[in-house]
Amino acid sequence: MYKRIILKLSGEALAGANRFGLDAVKVSDITDEIADVHKLGVEIGIVVGGGNFFRGVAQQAKEMDRVAADNMGMLSTVMNAIALQDSLEQRGVQCRVMTAVFMNQIAEPYIRRRAVRHLEKGRVVIFAAGIGNPFFSTDTAASLRAMEIKADVLLKGTKVEGVYSADPVLVKDAVKYDEITYMEILQQGLKVMDLTAVSLCKDNNLPMIIFNMNQPGNIRRVVLGEKVGSLVTA
């Protein structure tokens, strides 16, 4: 169904029940699924968050300068990217970490043409450090990288089944949307991802699928075209 994808993972997804740091079992489960999808011949780019270590807008960053806090958040995403890379390579999947800030001793600098070449050669590419600038989330980074590498779809793994009319954890009768447009997300003020990322996807006609990351096999189902989660279109 999809030849080239961007998978957006939150840092919290890698923390599992721990909420902080890395859960080795959870990292292993996620990379098992990614390796399984990779065997299908899908070209995979991953954008990972860093909220399991530090988030620039979190409570612990309240007294900090926003630029300093966001820089710390970017470094957190690099730690998560290296953990994913190590786990994937243990499964025989060639993987490259590319960062938006220079740290040549541990990762490659992000260069669009080089990233595309890695994908064409069958390597998984993990994009770390967001877009390299403060005030932009990793959701925006995922949207931007998807445009740059000409991904067919942006997949966002979450802890709920898709896009709802309200937070399903707080509102029991929240309605799930099987399909919704970016404009409807903006008009209803749904907190699917930040507004910059939504606008970017809308303006460039990039489809996005939001699905439950905690359901085993969901990444494969989405890639094969099964009706999983919510499809967001321009």
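Give me the percent of DSSP beta bridges within the chain that run antiparallel, rounded to the nearest 5.
On the way: 5 of 33 bridges.
Percent antiparallel among DSSP bridges in the chain is about 15.
From the Cα gyration tensor of the chain, with a ≥ b ≥ c the square roots of its eigenvalues, which class applies: rounded if a/c is under 1.5, or else prolate if a/b is larger than b/c, or else oblate? Let's see the in-between values first.
Numbers: a/c = 1.34, a/b = 1.10, b/c = 1.21.
Rounded, since a/c falls under 1.5.
Inter-label distance, Thr181 to Glu120: 3.6 nm, where each label sits 7 Å from its Cα along the C-beta direction. Once you sort the root eigenvalues of the Cα gyration tensor of segment 109-175 as a ≥ b ≥ c, which label holds: rounded (a/c under 1.5), prolate (a/b larger than b/c) or oblate (the other case)? Verdict is prolate for segment 109-175.
Could you check which residue among Met103, Met208, Met79 shows the biggest mean-square fluctuation in a GNM of the chain with a 10 Å Cα cutoff? With Cα springs under 10 Å in the chain, the top fluctuation among Met103, Met208, Met79 is at Met103.
Distance distribution P(r), segment 142-225, all Cα-Cα pairs, bin width 5 angstrom from 0: 3, 13, 24, 25, 21, 11, 3, 0 percent.
Which whole-percent values make up P(r) of segment 84-125 when all C-alpha to C-alpha distances are grouped in 5 Å steps starting at zero? Final binned percentages: 6, 25, 27, 27, 14, 2. Accessible surface computed residue by residue for the chain, with neighbouring protein chains in place and a 1.4 Å probe, gives 49 Å² per residue.
Around Leu186, under 13 Å between beta carbons, what's the net of Lys plus Arg minus Asp minus Glu among the other residues? Please list the in-between numbers first.
Working: positive: Lys191, Lys202; negative: Glu184, Asp194, Asp203.
Taking every other residue near Leu186 into account, the sum is -1.
Counting only residues at least eight positions apart within a chain, or on another chain, the lysines with an alpha carbon under 23 Å from that of Lys39 are Lys3, Lys8, Lys26, Lys121, Lys150, Lys156, Lys227.
Between amide H atoms placed 1.01 Å from N, distances below 5 Å from Ile126 occur with Ile46, Arg96, Val97, Met98, all of them 5 or more places distant or on a separate chain.
Please report the net charge: other residues with Cβ closer than 14 Å to the Cβ of Arg91, K and R +1, D and E -1.
On the way: positive: Lys39, Arg123; negative: Asp29, Asp32, Glu33, Asp36, Asp86, Glu89.
Every neighbour counted, the sum reads -4.
Run the accessible area of the chain with a 1.4 Å probe and give the carbon-and-sulfur part as a rounded percent. Carbon and sulfur atoms account for 51 percent of the accessible area of the chain.
The protection proxy used here, the mean number of other Cβ atoms lying within 10 Å of each residue, ranks peptides 88-95, 140-147 as follows, highest first: 140-147, 88-95.
Report the antiparallel proportion of the DSSP beta bridges in segment 141-231 as a percent, rounded to a multiple of 5.
Values: 4 of 10 bridges.
For segment 141-231, the DSSP antiparallel bridge percentage is about 40.
The values are calculated or read from the model by the stated rules, or taken from the named source; none is laboratory data. Please read these numbers as outputs of a predicted model, since none were measured by experiment. Don't worry about glycine lacking a Cβ; one is built from the backbone with ideal geometry, like all the others, and counts go over all protein chains shown. Only protein heavy atoms, including side chains, enter the accessible area calculation; ligands, DNA and RNA are left aside. Shrake-Rupley method; radii C 1.70, N 1.55, O 1.52, S 1.80 Å.
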